[in-house]
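Since the structure comes first, as structure tokens, the remarks are kept for the end.
Read the figures in this text as sums done on the coordinates, not as results from a lab. All values reported here derive from a predicted model rather than from experimental measurement. Cβ sites come from the backbone with ideal geometry, for glycine too, and all protein chains shown count toward neighbours.
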Amino acid sequence: MSKDDIEKADALIRESRVAAAIPYLERALAAMPEGWKPRVETPEQLSIAFWDQRDFLAYIAHEKPTKKILWAVPSYSRLCYYLAFAAVERSDLDEAEAWIDKGLALEPDHPLLLCEKALIVGYRKRPDDSIAIYLRAAKAQPWSAVWIALALRGMGFQLIEKRMLDDAEKAFRRSLEIEPNHPVAVNELSVISDIRKGAKKIASGLTRGGTADEAQKN
């Protein structure tokens, strides 16, 4: 059953075992209802497939809706994200991009989908395209402060790759206004300082891991 597969996948993801969740994610997506949409509005209520509780609460606080808001479960675009995440972990960029594109077809404005797309495009050595997608991610959902910070960090890294150091510094400092003392942003600002001083070897780059919230750590 789709519900059982989703529950099993979520349990494995919480244990940082994203690769083990793949068969459950795939079966759940295969059972996705035809015509599923992440957002359905009627005159009485608005149903949204939020990805987590923080997103739900942030939306309510930011939008101050006048009609009833329902948290729809599951988000099938979120399942696509984790399949793409697992593919990136095993360096299969073609499969990763295919899953992200499926997720974006379902939910074109979700920041994490856009950030993962930007990450993949960056791995393909297309920094300008990556920066443009990160910029979209940073503007996609103004209530998602943590995901805005994530997008700014990703954009900052690509700007370092292009040696656009002033713009990179601005991006990282903007991210720190949202998430003060974030270790990735702090490290990248040190990298920028080292480059300006003429350093040849630098420890820069967005790391990838297998935990459920790894995307939000970068």
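Ordered by the number of other Cβ atoms lying within 10 Å of each residue's own Cβ, fewest first, LEU70, LEU159 fall into the sequence LEU70, LEU159.
So which of LYS102/LYS139; LYS67/LYS117; LYS37/LYS67 end up more than 23 Å apart, counting from Cα to Cα? Check vs 23 Å cut-off fails for LYS67/LYS117. Once the C-beta distance of GLU7 and ASN181 is scaled by a Förster radius of 35 Å, the resulting FRET efficiency is 0.50 to the nearest 0.05. Taking a point 7 Å from the Cα of LYS68 along the Cα-to-Cβ direction, the residues of segment 32-57 with backbone N closer than 18 Å to it are 39-50. Lys/Arg Cβ at +1, Asp/Glu Cβ at -1, dipole of the chain taken about the Cα centre: which of LEU112, PHE157, TYR59 is farthest positive-ward? Value: PHE157.
Using only side-chain charges placed at the Cβ, +1 for Lys and Arg and -1 for Asp and Glu, the dipole size of the chain relative to its Cα centre rounds to 660 debye. Footprinting exposure proxy ranking of MET32, MET155, fewest other C-beta atoms within 10 angstrom first, gives MET32, MET155.
Cross-link partners for LYS197 among the aspartates and glutamates, with Cα-Cα distance under 19 Å and sequence neighbours closer than 8 places in the same chain left out: GLU161, ASP166, ASP167, GLU169, GLU188. Judged by the gyration tensor of its Cα atoms, with axes a ≥ b ≥ c, segment 26-125 is prolate; a/c meets the 1.5 cut and a/b is the larger of a/b and b/c. Residue exposure proxy: SER91, SER175, SER16, ordered by other Cβ atoms within 10 angstrom of their Cβ from fewest to most, comes out as SER91, SER16, SER175. By the helix-only formula, in which each DSSP H run with n ≥ 4 contributes -39500 (n - 2.57) and the sum is divided by residues, the chain has a 222 nm mean residue ellipticity of -19500 deg cm²/dmol.
Couplings for segment 6-23, taken from phi via the Karplus curve 6.51 cos²θ - 1.76 cosθ + 1.60 with θ = phi - 60°, read 5, 4, 5, 4, 4, 4, 5, 5, 5, 8, 6, 10, 4, 4, 5, 7, 3, x Hz in order; Gly and Pro are left as x. Centroid-to-centroid, using Cα positions, segment 98-139 and segment 169-199 are 22 Å apart. If you look at the Cα atoms of the chain, you get an Rg and a Dmax of 18.0, 61 Å. Shown in residue order for segment 58-65 are the 3J(HN,Hα) couplings computed by the Karplus curve 6.51 cos²θ - 1.76 cosθ + 1.60 at θ = phi - 60°: 5, 4, 4, 5, 7, 8, 6, x Hz (x for Gly and Pro).
If Lys and Arg each add +1 and Asp and Glu each add -1, what is the summed charge of the other residues whose beta carbon sits under 13 Å from the beta carbon of ALA58? With Lys, Arg at +1 and Asp, Glu at -1, the neighbours total -1.
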